[in-house]
Amino acid sequence: MRLATTTSTENSGLLDAILPAFTRETGIGVDVLAMGSGKALATARNGDCDLVLAHAPALERAFVDEGHGVSRTLVMVNDFVLVGMESDPAQIRGKEDAAAALAAIAAGTHAFCSRGDASGTHEKERELWAAASVLPAGAWYRSTGQGMGETLRVAWEMQAYTLADRGTWLKMKSQFPGMEVLVEGEARLDNPYHLILVNPARHPYVRAAAARRLLAWMTGREGQRLIAEYRVGGVVLFRPRPAGG
Amino acid sequence: MFRESVATAFDLLLSLDVRVVEAARVTLLCSLSATLLAGLLGVPAAMALGRRKGRLVRSALLVARTGMALPTVVVGLLVYGLLSRAGPLGPLDLLYTPAAIVCGEFFLALPIVVALAAESFAALDPRTERAAITLGAGPRRVRLTLLREAGPGVVAAHLAAFGRVVSELGIAFMLGGNIAGRTRTLTTTIAMETQKGLFALGLAVGFLLILLALGVNAGAMLARARAR
Amino acid sequence: MLAEARDLQVVRDGRVLLALEHVAIPGPGPAMVEGPNGSGKSTLLAVLAGLQPPTRGIVEVFGERLWPAAERTRRATRRGIVLCDSEPLFFRGTVAANVAFCAGGADAPAALAAFGAAGLAARRPGTLSTGERRRADLARALIRRPRLLLLDEPTSHLDAEGARWVLDAIRRICAAGTGVVFSNHGDRDLAALAAFRLTLGKAS
């Protein structure tokens with residue numbers, strides 16, 4: 001069956017690590033299509049995949065409301081971090097309010113790189129700008145239109161701030177010496193991942209039974225255990241869904 | 001980075017890294033199929049165009065030559081529209097399979113084969129067809145004769161088309177989906193590793209791609225020498 | 001009657017290449033077509049070979065209608081006719097391969113030997129002298145036993161010895177029963193061979 005997901009999820013290596021266990025147990029193979037959240041949902045809308053693993057709640061909700069997806073279920077959570085050069089000209093280090101941090105960046109017109117694509121990260125970024133009542137515009141606000149890896153690279157080359165998901169950051173930070181996490185831990189920076197089944201009523205040919213099994217497995221005891229144990233460079237990347245959640 | 005890439009390339013080759021071997025297999029399968037299919041359709045078309053003159057022929061050649069400059073992403077998008085479940089050929093369930101890549105690359109290769117092969121046929125001595133006919137060749141034999149006479153040019157047209165499709169990325173990504181073990185090609189591997197920041201690895205796989213192209217071209221030259 | 005043409009005209013791109021009211025060529029010849037440059041000698045040979053469609057006119061060879069006619073019937077008649085250009089065109093491959101082209105397994109070396117060109121079999125046409133190419137071309141034409149052989153300026157570009165050889169070959173071919181029509185531009189010895197003369201005036 002086909003699972004569409006985001007490049008950052010794929011790059012974290014989690015799926016490569018845990019899906020083989022699913023295939024061993026059930027005999028069902030999973031083809032992973034990695035693209036941005038927006039594209040993954042578009043692919044699902046066309047019926048070209050069987051389920052979606054995304055982390056763009058607003059887009060996902062619209063997707064389900066339009067009748068394209070069913071059984072939207074929380075699978076795991078990680079978080080976003082605001083990263084920048086250690087020089088930190090906007091002095092946001094350690095701030096507990098991510099929106100306020102962004103406001104400070106905008107006020108000082110310090111360089112900021114945005115994903116600028118229809119990704120979960122970009123969606124979160126827009127949420128924070130809205131919370132800060134700031135409309136980011138100007139030469140300091142650079143929209144890369146690319147994935148997390150490229151955006152981090154551009155930010156590093158331009159000595160700019162950016163919002164990144166912790167998974168990609170942990171995997172790639174060694175490539176960006178001088179860059180570090182400046183703001184983290186705030187509740188608004190949470191990054192929930194949901195699995196959504198493509199609505200078989202809309203697209204009768206999707207492999208709904210297999211998709212349901214994967215959903216059940218990933219939210220079940222075995223899947224959740226493997227997610228909680230997955231580490232990159234010794235650091236756990238994803239938190240399993242809260243018990244009873 | 002350059003030195004590191006060369007070293008990595010050797011490593012990958014000698015150890016026959018399974019991911020690389022698999023990607024090379026997919027690349028060869030898709031690119032060769034697309035090129036050969038383009039030849040099957042394109043060479044007869046090129047022969048028809050090369051033998052004749054007139055406004056219609058000139059227009060067709062203009063279209064073919066312009067088609068040599070098609071951006072791969074555009075082709076990918078158009079074929080995606082056809083093969084997606086939301087599109088007319090959806091029920092064939094071809095998207096995200098090597099067949100879909102072949103489909104897209106075929107449209108990339110076809111104009112190249114037609115434009116360049118037509119040039120070869122047109123460059124033949126205009127008396128060739130008459131010479132064959134007076135010696136008793138029927139229509140089919142005449143076509144075979146023209147093909148044989150324009151042989152090297154037609155082969156070169158295929159090699160040019162192959163070079164284009166083996167190195168393209170947009171179609172493989174959009175129509176193949178870069179699925180590990182299924183539709184991950186050498187080019188999508190390069191793009192993926194580069195996106196992850198693993199430049200040396202990307203470059204290394206790039207060297208292997210060039211090596212592959214070298215092999216195909218060398219094989220063609222050998223075959224030609226032996227046919228002499 | 002070897003060939004007959006009535007009210008023949010060939011026009012291309014607005015230019016009249018050939019205009020001939022009537023000609024009846026008796027067999028076996030050799031028959032000669034002469035005339036200044038631009039009078040349509042080569043064009044007439046191409047029409048008689050069934051290769052050049054005339055714009056107007058009726059053409060018959062061996063009493064069979066060549067033009068206007070259905071392609072299938074013309075193909076049948078064409079099988080007995082071969083046209084040899086003044087500068088023969090050879091295909092890729094050896095001389096022997098060229099001689100055997102579409103000859104249905106006939107004996108290429110023997111055909112070459114009949115024209116004293118047995119040694120050329122393994123050579124490539126590009127390496128031959130003008131005289132050798134002429135021999136190979138004639139071997140290639142005659143291996144398929146045509147009823148009519150058309151030769152466009154067969155002695156052009158040949159030295160005296162080569163030309164003498166061609167004249168002798170034409171005599172032999174005619175004597176063997178094959179009809180021959182050749183075009184001539186000023187070769188007196190060639191002209192002396194002719195049993196029938198057709199003189200073309202400037203066409204346009």
The lone condition residue B:213 fails out of (1) in contact with a strand residue (DSSP E or B) (Cβ under 6 Å, 6 or more places away or on another chain); (2) away from every other protein chain (no Cβ under 13 Å) is (1)
Listed by range, helices (runs of 4 or more DSSP H) wholly within region C:90-204 having at least 3 residues that are away from chain B (no Cβ under 14 Å) are C:108-114, C:130-142, C:160-175, C:188-192
- Query: Just a yes or no: is a residue in region A:128-143 more than 14 Å from chain B (Cβ to nearest Cβ), within 27 Å of residue A:242 (Cβ to Cβ) and among the hydroxyl-bearing types (Ser, Thr, Tyr)?
  - Reply: no
Pairs returned, first residue in region A:13-37 that is farther than 22 Å from residue A:148 by Cα, second residue that is among the hydroxyl-bearing types (Ser, Thr, Tyr) and surrounded by fewer than 16 Cβ atoms within 10 Å (Cβ to Cβ), beta-carbon separation under 7 angstrom, 6 or more apart or interchain, are A:29/A:23; A:30/A:23
Over region A:137-151, the set of residues within 14 Å of residue A:111 (Cβ to Cβ) and in contact with a Lys or Arg (Cβ under 9 Å, 6 or more places away or on another chain) is A:143, A:144, A:151
Per the filter on region B:178-189, residues within 22 Å of the chain's Cα centre (by Cα) and either of a type in the set (Ser, Thr, Tyr) or within 14 Å of another protein chain (Cβ to nearest Cβ) (or both) are B:178, B:179, B:181, B:182, B:183, B:184, B:185, B:187, B:188, B:189
With the structure loaded, tell me whether residue A:105 is assigned to a loop (DSSP other than H, G, I, E, B), farther than 28 Å from residue A:220 by Cβ, in contact with a strand residue (DSSP E or B) (Cβ under 8 Å, 6 or more places away or on another chain) and among the aliphatic types (A, V, I, L, M) or whether it fails that test. no
Counted residues in region C:52-75 being surrounded by fewer than 19 Cβ atoms within 10 Å (Cβ to Cβ), among the aliphatic types (A, V, I, L, M) and touching a residue at least 12 places away in the same chain (Cβ under 8 Å) come to 1
Of the residues in region B:129-145, those that are more than 7 Å from chain C (Cβ to nearest Cβ), assigned to a helix (DSSP H, G or I), under 15 Å from residue C:79 (Cβ atoms) and free of Cβ contacts under 8 Å to residues at least 12 places away in the same chain come to B:139
Checked A:237, A:215 against criteria (within 24 Å of residue A:38 (Cα to Cα), touching a helix residue (DSSP H, G or I) at 6+ places or on another chain (Cβ under 6 Å) and aliphatic (A, V, I, L, M)); the one match is A:237
Those residues of region A:2-22 which are within 12 Å of chain B (Cβ to nearest Cβ) and not hydrophobic (A, V, I, L, M, F, W, C) amount to A:2, A:5, A:7, A:8, A:10, A:11, A:12, A:13, A:16, A:20
- request: Output yes when any residue across region B:59-76 is within 14 Å of chain A (Cβ to nearest Cβ) and part of a helix (DSSP H, G or I), and no when none is.
  value: yes
Residue A:52 meets each of (1) aliphatic (A, V, I, L, M); (2) buried (at least 24 other Cβ atoms within 10 Å of the Cβ); (3) in a helix (DSSP H, G or I); (4) in contact with a Phe, Trp or Tyr (Cβ under 9 Å, 6 or more places away or on another chain) with one exception, condition (3)
Filtering region B:93-128 for residues that are crowded, with 24+ Cβ neighbours inside 10 Å and either among the polar types (S, T, N, Q) or at the interface with another protein chain (Cβ under 10 Å from one of its Cβ atoms) (or both) leaves a count of 2
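Readers should treat all values here as calculations from the given coordinates under stated rules, not as data from a laboratory. Just so it is clear, the model here is predicted, and its values are computed rather than measured. Note that each Cβ is placed from the backbone with ideal geometry, even for glycine, and that neighbours are counted across all protein chains shown.
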